Amino acid sequence: MVEICFSAVATALQKNPKIGLGLSFSAMAMLYSVMLIGVYITSSHQGLSCPDWPLCPNGFGPPAEKYVFEYTHRVMVVITAGLIVATAAYSARSMKQARKTAVIAAILVSAQIVVGLLVVNTKLDPLVVAAHLSTGISLFAMSLMTFLTAYRLTRNH
């Protein structure tokens, strides 16, 4: 019975290109928002306002006022990474044309998180910060290409 239910869900997901479009758009929109907050953090010199990684001193609790932007950035990164990986998983199974860019985005988001760790641990070393920005731009490009492919598939469906 459970197997039949999962099979029906899997079949429905495969036949609906709007799911891939929604996932890819959500991932791209969240990524853009994360990038905007990251730029604000950097330009306002708050890059080390939260010196611990991955959590701020408050742990999972509400952040103190001086940690709000950094904390928000990190929480949004977790959500965005989940959306990017979900998009890659869906693309690998149901949107073959977008598989390559979606999988590259999933790999890049993993690398981006590691580079973010290095940004904090190296106390904002300029080369590491530049690598973080460069990786973010490449990640956005892959997310955009995945979305555009999903959009094209939806229009042709």
Relative to the present Cα-Cα distance, how much length would full extension add between Ala89 and Thr42 at 0.36 nm per residue of separation?
13.7 nm
So what's the Cα pair-distance distribution over region 2-156, bin width 10 Å, in %?
11, 36, 28, 17, 7, 0
Find the lysine pairs in region 2-156 meeting two conditions, Cα atoms under 19 Å apart and a separation of 8 or more places or different chains, and report how many there are.
4
Most mobile of Thr87, Thr42, Thr101 in a GNM of the chain (Cα contacts under 10 Å):
Thr42
Signed unit charges on C-beta, dipole axis of region 21-113, positive-most listed residue Val77, Ala98, Tyr67:
Ala98
For the chain, averaging the sequence separation of alpha carbon pairs under 8 Å that lie six or more residues apart and dividing by its residue count, the contact order in percent is 32 percent
Förster radius 30 Å - calculated FRET efficiency between Arg155 and Ile79, Cβ distance, rounded to 0.05:
0.60
For the chain, the helices passing both cut-offs (Cα extent along own axis of 30 Å or more, Kyte-Doolittle mean at least 0.5, full DSSP H runs) are 17-43, 68-94, 99-121, 126-156
Cleavage-rule hits, trypsin sites (Lys or Arg not before Pro), region 85-143, DSSP coil, Cβ neighbours within 10 Å at most 16:
Lys123
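Where a number appears in this text, it was derived from the coordinates with a stated rule and is not lab data. Being a predicted model, the structure only gives us computed values, none of them experimental. Using ideal geometry, Cβ is built from the backbone for each residue, glycine included, and neighbour counts are taken over all protein chains shown.
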